[in-house]
Structure formats: structure tokens, C-alpha cells
Amino acid sequence: STDHLVASLILDAADSTMEVTGLESLKTMDNWVNTADSLMNRTPMRLGTLGQRALYHKSRINLRSGKPAGNKFFADLMAHKRKSSLWLYQISVVDEMLTKGSISPRIAADLYENVLRVPNPTDWLIRPTDSLAVLLFPSLRSFERWFEITMRREKYESAMVIADEIRRRRFFQTLPLGGRLMGLRWILGASPSALGKDGIAERQSLVARFPVLAEWQTEEDAVRRSLRMLHLLPTSEEEQTQQRKLLEQLAVISIRGEAALTQIATERVPASLVFPPPAQIDTIKEGLGQRKLVLSFFATSRAVYGFALDNGKYGAWEISSPGKLRAEVSKVLQAIGNYGKNNEIGTKALESEWQALTTPLFARLTNSTGPVDWSKYDELVIVPDGILWYLPFEMLTTSVDDPQPLLASIRIRYSPTLALAVPSARPIRNHGDTLLRVGTLFPGEEEEDVLARAERLTSVVPNTYLANQLPAPSTVFAPMVDRAVIYLDLEERGGALPYGWSPFTGERGIGIGDWMALPWGAPDQLVLPGFHTNAESSLKSQATGDEIFLAVCGLMGSGTRSILLSRWRVGGSSTESLIREYVQELPYRSAPEAWQRSVELFRSTELDPMSEPRIQPGALKHAASAEHPFFWAGYMLVDDGGKITK
């Protein structure tokens, strides 16, 4: 009809004009879009592509004008796209053809590779709203079909890449704009060593196209340099005042930068999804080197698979009886005493033969037919999935003839994705400042005990600052911190998962979701001995591993490099001993080396029952060996393998 043609031409004109003009033309563009909208009133056109285009332009105009209505128009647009996106429809067509047998698995795999791709630069330029829709509403079941087809065809390298892409999409769908905003934040704010050549080129392109970003970058760099010249927590009133003013400036600058990126995120602007990086097998093989072994696991709705990468070689297998896996992990956790977050473990747990459960479990998880020669490796990297996030691989025994736990044989670190298992090129700021927060880690601790612990931990490494209160919200202050040890109970996370809680605790309305915003950055190293997961109840609740996976991705997405967190909170002298030894070695060793050393030293000591709140009174009549895994195996070291600076 004539109205359809006129409305289409008006929207085309508005789109073209907005690409080449500035803020001064927005009122005119708004009038044009309203004119087109009135032509569609009470007609089917509003429900079709013209209606979507009008919503898109309304959201752009309002976002550029700084009006909250832009978010509402964008939400309406995405609700529309969820039902009508051509790209999402193409994915569903491939699903249907495969299910009906209209196409072969080989052809389906080729089609999936196309329709399930990450939006490329051309996609962002030509169909930005469809690109956002496929990120916000990932077809994870379609990804699973693609993965299963690839496994059946024994294309194992491709299967590993697909599994990692599924992990990325699980994370992206929990983020604003499906990870698009995070990608822009990394490109604009991350260090060059975190971006690589392509990321640096994209930054240069963004800054050249949007002068507001160049201004932002100059101002932010100047404020950060000034803050770095001050003590982390100044003692003089003059320096405190100076720091407070600079942090306030940084907060204002960051709000302005966030506003600019939010506008740009919906525009026709190519930008990579930098974090987590996509998996590239050749890069992974080269980056791992000769003496690292990666065990990667992937759980679909129907099965669990394992992969091993070793010096350029790889293996793949399907784990037998996946339905029993949850029960087996639960039994291991129960055997060592996990029945609740505050339960006291008694004689039964302390004397249990937990090794009898872990040896066959390790063999099944790794498709192992015999002893492993761990002398060939320096480091084991584990990429868990699903309930395997709750399993302490550190305590698993690998042979009936060797009762020693796995961590005694090899350094271990965890990674949320396969791509992040490759050592990062970014050097770790291991000789910088340490922020220490100390409080009650377990109910019933006396205040004088907490104060004494704070004094002991403050002297562990140089430049440690004990902080009861931060000079600014953690969203602004955290990028200034090189290392943070949060010796507090993090139970307050509760219903705030996955991103509504702050590692620094006690901050209302601030969480990891805010850490992921500008200013970019977070402590390189985080130590969280008071973290809680569903492992502490032996998976009695509907545990999926998501509370760990998403929390870890959120922290690393903020810029953190290394996270030591507890699957269950222990408290007492054992926790202090482990954390003290670990932290004092961090300036001189990699995190996996420091943690292995800390555990080895601890396991060679004796437990004092009177200083361990998790030991049932009377369960131990005298000091006992600290080898029991309840006291050390609950800690998980998630680390990107970055080299320490000398």
C-alpha cells in the first residue's frame, strides 16, 4: 500500500540521516519516526518489520538523547524480535529439518555453523537488532544438537570449540545486551595485553569514530595516573581528601563512559565479544606448551563428555552412567562431612574411607584404564561443567595403590572456559598493594580473636592495608586494588546470585554486575575463603553449578585474574594457616604453585580440635593429622595462568 511505502521511505531516511549527523538532528528524526508510526497505527504493519524498525529508531533517538524511554523502546523491540527475528527463525528451520530427517547430519552441521555464529562485523552493520537478539536469546538446544552431531562424526576438535561457545552464550545471556556491552567495555578499557592486535585495532577504530570516547579515555587515564601516585588507603588528611576527590571524578567519568557505550551498543558498530574469548584449538595447543594437561568437561541435557588436551594431542570420551554422576559427587562430599553450611563433622567423617569413593570416580571421569604418569606434567587445568563445579578434584585419588590426593602430584587450577585455560599474556600485578578485610568467618567467633587474626594477616606481605571501610564504592575503588583478601563470611549473597553480591561485602545495591561496568578493572588476585556453594549441603538443593560458573565469569569479566574461593566455608586455624601461607607466596610464585605449597605444608601439620569450629566437640580427643580433605579440598583456585612480574 501507499502508507507502507511512505512509512518505509521515511524510516530509511531517518536511518541514513542518523548515521551521518549528530545530536542536533535528533528532534527532526523523532518527528519523522512519529510520522511513520502514525501511518502504521491500527494496521498489521506495526507487527511486522516496519514496526520493528520504528521501535529501533525510537530506542536509538532516546538513548542518544539520554532519555530513559530508550531502554523501554529497546525492551519492546527485543520482545518483538524474540518472536519474529529472521535469524532466530532460520535457526528453528534448521532444527526442524534435522528432526524430520530432511537434511543429513553433515549438512545440518554446516548450516548450524552459519546460523549459530557469533555476529560478525557485517551482521552488526546490516542487521544490528537481529545480532542482539541471537545473543540475548541463544538457542542453546540447537547448539547441543550441533555439538552432538559433531561428536557422532568424531570431529572432536570442533566439538570442543562448540562446547566452549555454549559456555560463552550461557554467560552472555545473563548480561545486559547479551554481552555486547561487556565487549565494548573491554575494547575501550582493558589493557592492550588483554586485547591483542585485533582488539587494539577495534579500540582505535571506535575512538576515531566517536570523539566522545577519545575525550573519555584521556580524562580517565589522567585520573587513574593521579590515583596510582597515592597510597591505597592514605593516612594523612590531605592525601585522603585528594584521593576522595579523584575517586569522585572517576565515578562521574565512568558514568559518562557507560552512557556513551550504552548508546553505541545498539548502533551499527562492529565490535568483538572479547571476554570470554572464543576457543581456537590451534591457539590453545600452542599456548598450553608441553607440560600442561587440560581436562575439560561438558554436560548436555542428555550426557556428559570429557576431553583431554596434552602437548598438541587430544582425546574425547562420553562418561558412562551420567545419571549416577550427581549421586557419586554427593557421596564424596558427604563422606568428608558436608551436610550443611554450619554442621560439625564427627568421628564418622573424620575416619571415613573417602579414598574408596574417589578412585573409581576419577577413573570414570577421565576414561582412565591405568595409573597416570604425573611426572610428565607441571600443571593440570580443569574446565568443569554442571555439577562437576562442586567436585574437589584436588582430593581425588588416581590409583588404588596410591592413597595420595591429586594435588600432591600436580599443581591444579580451574578455568570457566577452555579458551581461558591458555596462560594469559597479561602480567599479574603480584608486587602491588593488598587490601585486607577481616571479620567473623564462622558464627560464634569472639571479637578479640578477629582482631588478633587481622593483625597477623596484615603482616603477611608488604603494602597490606586493613580496610574496615572503603573510601569509595567498590565499583570505583576495586580497579585500584592489586590483590584483595576478603576474610569474611559471604553468606549474604543468598538470593543475590549471580551478580547481585559484592566480594567486599556490606555494600547495599552494589554487586559484581556493577563491577563489570566502567571503570574497567578489578583486583588481579582475589581470596574469598568465606564463599558458599551448594557443595556444602552435598547437592541437596537444585544445584547446577551456575552459581559458581557465573560468579567466576563475572569476576573475571571485571578484570580479575586469579580467584581462590571456598566451595564450603571452614573457618578456624586451618583456614587462617592455608590463606596466610598462600598469600605470602603470591609475590614470588604463580598462584597454582603458591596454593599447592600451602596445602602441602598444611597437610604435614596437625589439627588442634579446640581451634576448629567445624569439628564436633569430643570427636577428636587430641591433635590429629591435617590430611583430611574437609579442611583443605574445599578451596578452588580459578586462574588464567598469567605469568607473575618479577
Quiz prompt | Relative contact order computed over segment 206-286 (Cα-Cα under 8 Å; 6+ residues apart), in percent | solution = 30 percent
Quiz item: To the nearest 10 square angstrom, what accessible area does Lys81 show with a 1.4 Å probe?
Solution: 10 Å²
Exercise. Calculate one ³J(HN,Hα) per residue across segment 312-322 by plugging θ = phi - 60° into the Karplus curve 6.51 cos²θ - 1.76 cosθ + 1.60, and present them in order as whole Hz with x for glycine and proline.
Key: x, 9, 8, x, 9, 7, 9, 7, 5, 6, x
Quiz item: Among all the lysines, which ones have a C-alpha under 19 Å from Lys621's C-alpha, if same-chain residues fewer than 8 places away are not counted?
Solution: Lys348
Self-check item: Antiparallel %, DSSP beta bridges [both residues in the chain], to 5
Solution: 45 percent
Quiz item: Expressed as an acute angle from 0 to 90° and rounded to the nearest 10, what is the orientation of the C-alpha long axis of helix 447-458 relative to the principal long axis of the chain?
Solution: 80 degrees
Quiz item: When we measure straight from the Cα of Lys27, which lysines land under 28 angstrom away, once same-chain ones fewer than 8 places off are left out?
Solution: Lys58, Lys67, Lys72, Lys81
Quiz item: Say the dipole of segment 146-293 comes from +1 at the beta carbon of Lys and Arg and -1 at that of Asp and Glu; which of Pro276, Leu261, Gly289 then lies farthest toward its positive end?
Solution: Gly289
Practice problem: Please get the size of the charge dipole for the chain, origin at its Cα centre, with Cβ charges of +1 on Lys and Arg and -1 on Asp and Glu, quoted in debye to the nearest 20. | Solution: 1800 debye
Quiz item: Tell me, what ³J(HN,Hα) does each residue in segment 123-133 have, in order and in whole Hz, if you take phi through Karplus 6.51 cos²θ - 1.76 cosθ + 1.60 with θ = phi - 60° and put x for Gly and Pro?
Solution: 4, 5, 6, 8, 9, x, 6, 5, 4, 5, 5
Quiz item: If His80, His4 are ordered by their accessible area, calculated over protein heavy atoms with a 1.4 Å probe, which sequence runs from highest to lowest?
Solution: His4, His80
Quiz item: What is the sum of charges around Asp30, taking Lys and Arg as +1, Asp and Glu as -1, for the other residues whose C-beta is under 12 Å from the C-beta of Asp30?
Solution: +4
Quiz item: Can you give the accessible area of Thr605 in Å² (nearest 10), computed on protein heavy atoms with a 1.4 Å probe?
Solution: 60 Å²
Quiz prompt | segment 456-568: relative contact order as a whole-number percent, Cα under 8 Å and 6+ apart | solution = 29 percent
Exercise. Using the structure shown, select from Lys100/Lys155; Lys285/Lys331; Lys341/Lys376 the pairs with a Cα to Cα distance greater than 27 angstrom.
Key: Lys285/Lys331; Lys341/Lys376
Quiz item: Quick one: ranking Ile10, Ile264 by accessible area, 1.4 Å probe, largest first, what do you get?
Solution: Ile10, Ile264
Self-check item: Mean Cα-pair separation over length for segment 51-95, i.e. relative contact order, pairs under 8 Å, 6 or more apart, %
Solution: 32 percent
Exercise. Provide Val450, Val6 ordered by accessible surface of protein heavy atoms (probe 1.4 Å), highest first.
Key: Val6, Val450
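The values are calculated or read from the model by the stated rules, or taken from the named source; none is laboratory data. Since this is a predicted model, take the numbers as computed values, not measurements. Every residue, glycine among them, receives a Cβ derived from its backbone with ideal geometry; neighbour counts consider all protein chains shown. Protein only, heavy atoms only, side chains kept; ligands, DNA and RNA dropped before computing areas. Shrake-Rupley method; radii C 1.70, N 1.55, O 1.52, S 1.80 Å.
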